[in-house]
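Report on the following structure.
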Amino acid sequence: MPRTALRLVLLVTALVAAAAVVPAASAAGPVPHYLMTAFTNSSESNMYVYDSANATGFTQVRANAYTPPSGLIRDPSVIRHTDGYYYLVYTTNWTGDTIGFARSADYVTWTFLRNVRVGLNGATGSTWAPEWFKDSDGSVHVVFSASTTGTAGQFRPYRITAANADLSAWTSPVALGIPANYIDSFLVKVGGTYHNFLKNETTKYVEHATATSLTGPWTFVGTGNWAGWGSGLEGPALVRLPDGRWRIYFDQYGQRRYFYADSGNLTTFGAKTELAGLSGTARHFTVLREDSGDGTAIATGARSFRSVNFPDRYVRHRDNLAYVDPVSSSSPLSTRQDATFTVVAGLANANCHSLRSVNFPDRYLRHHDFKARLDTNTGDATFARDATFCARTGLAGTGTSLESYSHPGRYLRHYNYELRVDWRTSDSAFAGDASFTAAAPLA
């Protein structure tokens, strides 16, 4: 073999070997946001809503977002149901035998649904701290703490189970199998094990029990000061982080301070860390993690978005509203500009995207009341969330779909050629309406 050819072979071999040891790039994966509902030190009758991109730094979405028609709204717990609505359950009063329910499409505006009488305590009892728990079989439960003799009585945890799909009918209470005197049960399930984090009302420690059945028997695996957090704690709530770790939040109510701690296995937790910005304000909350997108990236810069199922139509703004309209290279320049956007890092999360108008560069495509429109960037957190979309492989099997960052499960789609952010349905028509091709800019 000629020396030059030999050198070429050796060079190619070396390059292939070097490439083989370079780790493959991994997809960014879904992008989370964390929704939190709380009552505050200043009011037991008004609920505040907060949001976070990292489960640590929370910003206020709305103060006084919900006031029930009567009674209190202590200990609000939030869930996203299969119908796309957010549901609250909460403590209605210091005494009594009811828990309250409310619902929202956007977690900003809430509607009272009903008070449910759990049929346990009577007028002199107390029913506190209801918490949502969705089991791995899809069943939906509310776990609450009840005493038949009022606020100073011996509390025990009970559960009721949804008897229909719209969460309007519930079973009779069933004891969870935890002895007195425990309140504030918060449940998560990992594999076949149920984990219950709850407050020992006698010692004021947050403790940890496990079981292989929702009704027990429960074994306490962390008692007393097992985690090193001290006493005087209540309202434990957990959320799972994207890296698989767990974060527990709890209220040091006597000092009006809020903390969190992290764990990789739900057995050993780190030291408690004060929750900056909320400590001293928020009380007894839960945190709901929701994920948007699948890590699909759209190249930044000028792009036009062509409808997959109507390929002669492009996303464009017209009179500050958004449509899919017929646009081509022969359309007037102003029309082509209306159908061209600059893709930039998401205003609320840089792992997602925002679409800025090329002919009105201070304006972005955003949703408002779930209608897509072009609005001037106000610089506030709500606008940033509403103008941020996370990409995923097109629901139609081609192109790209844009999922709302602020309201995961809702996608940018056209309906009667008008752009909306709608809750995903399983039909092929929705998949086509919510899929777009990021094409070369028309202008």
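The values are calculated or read from the model by the stated rules, or taken from the named source; none is laboratory data. All values reported here derive from a predicted model rather than from experimental measurement. No Cβ is skipped: glycine too gets one built from the backbone with ideal geometry, and neighbour counts run over all protein chains shown. Keep in mind that these areas ignore ligands, DNA and RNA; they rest on the heavy atoms of the full protein, side chains included. Shrake-Rupley method; radii C 1.70, N 1.55, O 1.52, S 1.80 Å.
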For the range 149-168, the count of residues that are part of a strand (DSSP E or B) and either free of Cβ contacts under 8 Å to residues at least 40 places away in the same chain or in contact with a helix residue (DSSP H, G or I) (Cβ under 8 Å, 6 or more places away or on another chain) (or both) equals 3
Handout entry: Filter result for residue 56 (over 30 Å from residue 273 (Cα atoms) and surrounded by fewer than 17 Cβ atoms within 10 Å (Cβ to Cβ))
Key = no
The residue that is nearest to the chain's Cα centre (by Cα), considering only those in the range 149-159 that are crowded, with 19+ Cβ neighbours inside 10 Å and either aromatic (Phe, Trp, Tyr) or over 15 Å from residue 178 (Cα atoms) (or both), is 158
Of the listed residues (206, 190), the one being open to solvent by 10 Å² or more (accessible area, probe 1.4 Å), closer than 26 Å to residue 250 by Cβ, modelled with pLDDT of 95 or more and of a type in the set (A, V, I, L, M, F, W, C) is 190
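Hey, among 175, 146, 180, which residue is crowded, with 21+ Cβ neighbours inside 10 Å, free of Cβ contacts under 8 Å to residues at least 60 places away in the same chain and touching a Lys or Arg at 6+ places or on another chain (Cβ under 8 Å)?
146 is the lone residue from the list that is crowded, with 21+ Cβ neighbours inside 10 Å, free of Cβ contacts under 8 Å to residues at least 60 places away in the same chain and touching a Lys or Arg at 6+ places or on another chain (Cβ under 8 Å).
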Restricting attention to the range 428-438, the residues that are over 17 Å from residue 322 (Cα atoms) and either surrounded by 15 or more Cβ atoms within 10 Å (Cβ to Cβ) or at pLDDT below 95 (or both) number exactly 3
For the range 202-221, pairs from a residue that is over 15 Å from residue 177 (Cβ atoms) to a residue that is open to solvent by 10 Å² or more (accessible area, probe 1.4 Å) and small (Gly, Ala, Ser), with Cβ under 6 Å and 6 or more apart or across chains, are 204/231; 204/232; 205/224; 205/231
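Say we look at the range 119-136 and pick out the residues that are in a loop (DSSP other than H, G, I, E, B) and either within 25 Å of residue 189 (Cβ to Cβ) or under 24 Å from the mean Cα position of the chain (by Cα) (or both); which of these is modelled with the lowest pLDDT?
Filtering the range 119-136 for residues that are in a loop (DSSP other than H, G, I, E, B) and either within 25 Å of residue 189 (Cβ to Cβ) or under 24 Å from the mean Cα position of the chain (by Cα) (or both), the one modelled with the lowest pLDDT comes out as 120.
Every residue, every condition in (1) of a type in the set (Gly, Ala, Ser); (2) surrounded by 15 or more Cβ atoms within 10 Å (Cβ to Cβ), yes or no:
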site	(1), (2)
271	yes, no
291	no, yes
318	no, no
330	yes, no
- Item | Test result for residue 259, outside any loop (DSSP other than H, G, I, E, B), touching an Asp or Glu at 6+ places or on another chain (Cβ under 7 Å), of a type outside the set (Val, Ile, Thr) and open to solvent by 30 Å² or more (accessible area, probe 1.4 Å) | no
query: If we scan the range 357-376, do we find a residue that is buried (at least 17 other Cβ atoms within 10 Å of the Cβ), farther than 25 Å from residue 33 by Cβ and touching a helix residue (DSSP H, G or I) at 6+ places or on another chain (Cβ under 6 Å)?
result: yes
The residue from 393, 398, 382 that alone is of a type in the set (S, T, N, Q) and buried (at least 16 other Cβ atoms within 10 Å of the Cβ) is 382
